[in-house]
Amino acid sequence: MNTPRKPARRRVWILLAVLLLAGLAAAVWWGARHWEPDRARFPVQGAWFDAHDGAVNWPLIKGHGADFVYLTASEGAGRRDETFTAGLDAARKAGLLVGAVHVYDLCAPADAQAGSFVTVVPRDAALLPPAVALDLDSRSCPQPPGEAAMQSELTTFLNQIEKHTERPAILMISRSFEARYHLAAQVDRNLWVMEDFLEPTYAGRSWVMWTATSRLRIAGVAGPVRWVAVHR
C-alpha cells in the first residue's frame, strides 16, 4: 500500500518557508545593528551619548570612525548629567571633538533650564555648537504649551545658552515636535533631525545633522548607539 506523499511534501515546504523567514529576520536584525550611513555621502560621522549609555571606551569609538561626539549635559530644569565632565575630558583625550546637548522640557521655565545647562557646560571655544533636543514627552510635560508660549520660552532659553557658549545652537527636532509646532520654518537655526535608516524630510528644509540610527552596535559601548551623520 502506497503512503500518501502530499502531506509530507507540504510539511517540507512549510519547514523551508519557516527557515527562510527566520533567515530573513536574522539578516534584517543583523543589518539594523550594523548599518551606518554611506561614508562617501556623509564623510563626517559621530555619536550622541548620555549617562544611560553606561561606560564608554572612547578610543574604541574613535577607532570605529567617529569624528565627534555629543554628550548630554542637562535635562529640563533640574537634571544635570553627572558623566558630562568626565566624558568631555576622556573623549577629547581620544581625539574626538565634543559638543553638549540639553534635553528641553516644554513645561519647565526657560531660565531654570538655561541655568542647569550653563552650570555644567564650560565656556570653551573648542566645544562644538550646543544642541537642544526638542520632543513631545507626555511624562515630563503632559500638557504642552501653545505655539506662542513655546516660542517665547525657547527664545529665552536660546538667548541665554548662546550668550554663554558664544555659538548659535543646533535645534534637534523630532518628527512629532515639528508636526505640532512647525518650528523649522520659524526659527533661524541649523537643524538636527532623527529617523532610523531613511533620510528624513519632515523639517521641510535642509538639515546639518541626522541621527541616522539608534540601533548601531559597536565595540566600546554595551548597548545600542545613536549614530549621527553630518550633511555638508
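None of the figures in this text is laboratory data; all of them are computed from the coordinates on show. Please read these numbers as outputs of a predicted model, since none were measured by experiment. Neighbour counts are summed over all protein chains in view; Cβ atoms, including those assigned to glycine, are modelled from backbone coordinates with ideal geometry.
A compact table of results
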item	result
Mean-position separation - Cα centroids, the stretch 133-159 and the stretch 53-82, in angstrom	24
Antiparallel content of DSSP bridges confined to the chain, in %, to 5	35
Neighbour-count order for SER176, SER140, fewest beta carbons within 10 angstrom listed first	SER176, SER140
Ranked LEU136, LEU191, LEU171, criterion: other C-beta atoms within 10 Å, fewest first	LEU136, LEU191, LEU171
Label-point separation, ALA179 to VAL208 (7 Å along Cα→Cβ), nm	2.8
Neighbourhood net charge (9 Å Cβ-Cβ; Lys/Arg +1, Asp/Glu -1) for TRP227	+1
Förster-model FRET efficiency, 35 Å R0, ALA126 and GLU147, C-beta, rounded to 0.05	0.45
Residue-averaged [θ]222 nm for the chain, counting only DSSP H segments that reach four residues, each worth -39500 (n - 2.57)	-11500 deg cm²/dmol
Contour minus Cα-Cα distance for LYS163 and ARG232 (0.36 nm per residue)	22.3 nm
Exposure proxy ranking, count of Cβ atoms within 10 Å, fewest first, for SER152, SER116	SER152, SER116
Equivalent ellipsoid dimensions for the chain as semi-axes, Å, which come from the Cα gyration tensor, largest first	41, 22, 16
